[in-house]
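> Submitted below is the structure of interest, expressed as structure tokens.
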Amino acid sequence: MLDVGCGHGLLVEAQRAMGRKSYCVEGSADAYDAWPHAYRDEFYSVQDFAVDGATLPPTEIVTSFEVGEHLPERCLSAYVHLLHTMNREGIVLSWAHPGQGGTCHISNRAKRDVVALWTFFGYEEDREEVVRMRKMSTMPWLRENIFVLRRRPYEALARPTGPHAHGIAS
């Protein structure tokens, strides 16, 4: 698993404690001091991931919670590209919706736009898993904003059309 925008790295730390391969990429150098010393240099990385991409290995699943809405519009294509290229099976993602409160939310997206974006890239929303994860969450913003996206097999891909076909338009 790769956690993009991992903050203090708690998800990666929990995954590693269970013996699972996990990595972390964070855009803020301030998070470095909060990371566990045992993992800090090998599994955690501070990078401007919205511009440069990640230098960690691709993993089965990429997670990214409450990151996209904090990025300026000019960085969103690189962010989406990173999430897409770093996973082999799917993405677990949250993205603040328009009107949601929060600090520095500058790129909020409607649910339909998030789903349309990832459909364009060959993913389908796993609605059953979304419902399960929303019920488990104790944070209201995650109950509203979580997406579980699975890569579709190549032969099943069909390109969507319409106003949201290319995804990241406001």
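> Once the Cα atoms of helix 73-85 and of the chain are each reduced to a long axis, what angle between those two axes, in degrees from 0 to 90 to the nearest 10, is obtained?
Between the helix axis and the principal axis of the chain, the angle is about 80 degrees.
> Further, regarding this structure: Please list Phe121, Phe147 from largest to smallest accessible area, probe radius 1.4 Å, with all protein chains kept in place. The partial results should precede the final answer.
Numbers: Phe121 70, Phe147 5 Å².
Most to least solvent-accessible, the answer reads Phe121, Phe147.
> Starting from the amide H of Tyr23, placed 1.01 Å from N in the peptide plane, find each other amide H under 5 Å away whose residue is 5 or more places distant or on another chain.
For Tyr23, whose amide H was placed from the backbone, the distant partners under 5 Å are Leu2, Asp3.
> Cysteines without a disulfide-compatible partner in the chain, using Cβ under 4.7 Å as the rule?
So, Cys75, Cys104.
> At each listed q (0.31 Å⁻¹), what is the log10 of I(q)/I(0) that the Debye formula gives for the stretch 90-130 modelled as equal alpha-carbon point scatterers?
-1.14
> Next up: Return the calculated 222 nm mean residue ellipticity for the chain, to the nearest 500 deg cm²/dmol, obtained by summing -39500 (n - 2.57) across DSSP H runs with n ≥ 4 and dividing by the residue count.
-8500 deg cm²/dmol
> Per residue of the stretch 135-144, in order, report the coupling 6.51 cos²θ - 1.76 cosθ + 1.60 (Karplus, θ = phi - 60°) as ³J(HN,Hα) in whole Hz, putting x for Gly and Pro.
The phi angles translate into 5, 6, 5, 9, 9, x, 5, 6, 4, 7 Hz.
> How much length would be gained if the chain were fully extended between Arg132 and Arg152, taking 0.36 nm per residue of separation minus their Cα-Cα distance, in nm to one decimal? Write out the running numbers ahead of the final one.
Values: separation 20, 0.36 × 20 = 7.20 nm, distance 2.06 nm.
Result for the pair: 5.1 nm of gain on full extension.
> Tally up the carbon and sulfur contribution to the accessible surface of the stretch 1-137 as a whole percent, 1.4 Å probe, everything protein left in place. Write down the numbers at each step before the final one.
On the way: 3560 of 6670 Å².
Carbon and sulfur: 53 percent of the exposed surface of the stretch 1-137.
> Another question, then. Hey, what's the stretch 63-160 come to in accessible area per residue, 1.4 Å probe, Å²? Mind showing how you got there, number by number?
Values: 5070 Å² over 98 residues.
Each residue of the stretch 63-160 exposes 52 Å² on average to a 1.4 Å probe.
> Please list, short to long, the whole-number percent of alpha-carbon pairs of the chain in consecutive 10 angstrom bins beginning at zero.
10, 39, 39, 12, 1
> A further question on this structure: Amide H neighbours of Tyr123 under 5 Å, counting only residues 5+ apart in sequence or on other chains, H built in-plane at 1.01 Å?
Arg152
> In nm, to one decimal, how far is the Arg112 label point from the Ala17 one, both placed 7 Å along Cα→Cβ?
Result for the modelled spin labels: 4.2 nm.
> Would you list Ser28, Ser94, Ser77 from the most to the least accessible area, probe 1.4 Å?
Working: Ser28 45, Ser94 0, Ser77 75 Å².
Output order, biggest surface exposure first: Ser77, Ser28, Ser94.
> Taking R0 as 25 Å, what's the FRET efficiency between Leu142 and Ala34 from their Cβ-Cβ distance, rounded to 0.05?
Working: r = 20 Å, r/R0 = 0.81.
My answer for the efficiency is 0.75.
> How large are Rg and Dmax for the stretch 30-114 when only the alpha carbon atoms are used, in Å?
13.9, 40
> Using unit Cβ charges (K, R positive; D, E negative) and no other charged atoms, how large, in debye to the nearest 20, is the dipole of the chain about its Cα centre? If you can, show how the numbers build up before the last one.
On the way: 18 positive and 22 negative charges, 125 e Å.
The calculated dipole for the chain is roughly 600 debye.
The values are calculated or read from the model by the stated rules, or taken from the named source; none is laboratory data. Given the structure is predicted, the values throughout are model-derived calculations rather than measurements. Because the Cβ atoms are built from the backbone with ideal geometry, glycine has one as well, and the counts that use them run over all protein chains shown. Each accessible area value is taken on the protein alone, full model and side chains, heavy atoms only, with ligands, DNA and RNA left out. Shrake-Rupley method; radii C 1.70, N 1.55, O 1.52, S 1.80 Å.
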